[in-house]
Every structure is written in structure tokens, then in C-alpha cells.
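To start, the structure under review is shown below, and the notes come after it.
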């Protein structure tokens, strides 16, 4: 999890980054953009030759607060941060996998990315669902 955090937190100019989730109401405008890594749940199963496999499920929360009076379209702040996370998690062109430096079998974005750009209140949030596959 630390390798994932190191990779995604250095992918963009996050002012705040933590492995401990905070409510967006507890993150001030001067603390954004902010990134939080939240570990949801793990699923264990048996793979080939009965090697234990663990599927880890993680959410990345990104908070932005461009405000309503800044003249900035809120999604124009959020989208480049999402692009940076996407680029950081891109698989190797050779192995077609993101292994977090060889620590896991694969790490990828899977599922719907929830986005609220902040058009109504000036507070943007995105939640990116990730999966990590590893043998134990």
C-alpha cells in the first residue's frame, strides 16, 4: 500500500496527501488539491497450485476547492489530476502490467470513477476505484 501511495501521491502537485481518509468538509481550500488513499476490503482465493491470491480494493479520493468566484471551471482543475493518476498507474508497455515495482502481480483502475466537479458549491471530489492483485 505504501508503494501505491508513493506512486499516486507524487503523480501531481497535491498539497495534501495521506493514507488516512478525511471528510472533504475537513479539508480547507489551502490544503487542496488533496489525495487520500482508502483501503476498502480484501478478497482471498486460491489460484494455480493452490497459491493464495489476494485482491485488494482501494479508493483514491481527490478533493479540489477552486471556489465559485474564481472564474475557473471546476472540472478543469479535477480532470488533470485524474489524468495524472491514470498516467502513474499505466501498465508497462512490455509486461502490460503495473506491478508497483515488482511488489504485486497487477494494479489497475477498475470501475466507475465518481466525479462531482463542484459546479454548484465550488468543492470538487473524485473517487477512483483500484484493484491490486497479489499472491500471499
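When the stretch 117-131 is limited to residues that are modelled with pLDDT of 95 or more and out of contact with any helix residue (DSSP H, G or I) (no Cβ under 7 Å at 6 or more places or on another chain), the one that is surrounded by the most Cβ atoms within 10 Å (Cβ to Cβ) turns out to be 130. Residues in the stretch 37-54 that are touching a residue at least 60 places away in the same chain (Cβ under 8 Å) and over 30 Å from residue 14 (Cα atoms) were compared, and the one that is surrounded by the most Cβ atoms within 10 Å (Cβ to Cβ) is 53. Identify all residues within the stretch 82-108 that are in contact with a strand residue (DSSP E or B) (Cβ under 8 Å, 6 or more places away or on another chain), within 17 Å of residue 6 (Cβ to Cβ), surrounded by 17 or more Cβ atoms within 10 Å (Cβ to Cβ) and touching a residue at least 12 places away in the same chain (Cβ under 8 Å); write none if there are none. Answer for the stretch 82-108, where residues must be in contact with a strand residue (DSSP E or B) (Cβ under 8 Å, 6 or more places away or on another chain), within 17 Å of residue 6 (Cβ to Cβ), surrounded by 17 or more Cβ atoms within 10 Å (Cβ to Cβ) and touching a residue at least 12 places away in the same chain (Cβ under 8 Å): 85, 89, 100, 104, 107.
For every residue, the table says whether it meets (1) more than 12 Å from the chain's Cα centre (by Cα); (2) in a loop (DSSP other than H, G, I, E, B).
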{"residue": "36", "(1), (2)": "no, no"}
{"residue": "39", "(1), (2)": "no, no"}
{"residue": "57", "(1), (2)": "no, no"}
{"residue": "72", "(1), (2)": "yes, yes"}
{"residue": "77", "(1), (2)": "yes, no"}
{"residue": "94", "(1), (2)": "yes, yes"}
{"residue": "127", "(1), (2)": "no, no"}
{"residue": "131", "(1), (2)": "no, no"}
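One line per residue, one yes/no per condition, for (1) modelled with pLDDT under 95; (2) touching a helix residue (DSSP H, G or I) at 6+ places or on another chain (Cβ under 8 Å); (3) over 18 Å from residue 117 (Cα atoms):
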| residue | (1), (2), (3) |
| --- | --- |
| 17 | no, yes, yes |
| 44 | yes, no, yes |
| 47 | yes, no, yes |
| 51 | yes, no, yes |
| 62 | no, yes, no |
| 65 | yes, yes, no |
| 68 | yes, no, no |
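Can you tell me which condition residue 63 does not meet? The list is (1) in contact (Cβ under 8 Å) with a residue 60 or more places away in the chain; (2) loosely packed, with under 11 Cβ neighbours inside 10 Å; (3) on the phi < 0 side of the Ramachandran plot; (4) not in a helix (DSSP H, G or I), and all the others hold. Tallying (1) in contact (Cβ under 8 Å) with a residue 60 or more places away in the chain; (2) loosely packed, with under 11 Cβ neighbours inside 10 Å; (3) on the phi < 0 side of the Ramachandran plot; (4) not in a helix (DSSP H, G or I), residue 63 fails exactly one: (2).
The values are calculated or read from the model by the stated rules, or taken from the named source; none is laboratory data. Since this is a predicted model, take the numbers as computed values, not measurements. In this analysis, Cβ positions are derived from the backbone assuming ideal geometry, glycine residues included, and neighbour counts consider all displayed protein chains.
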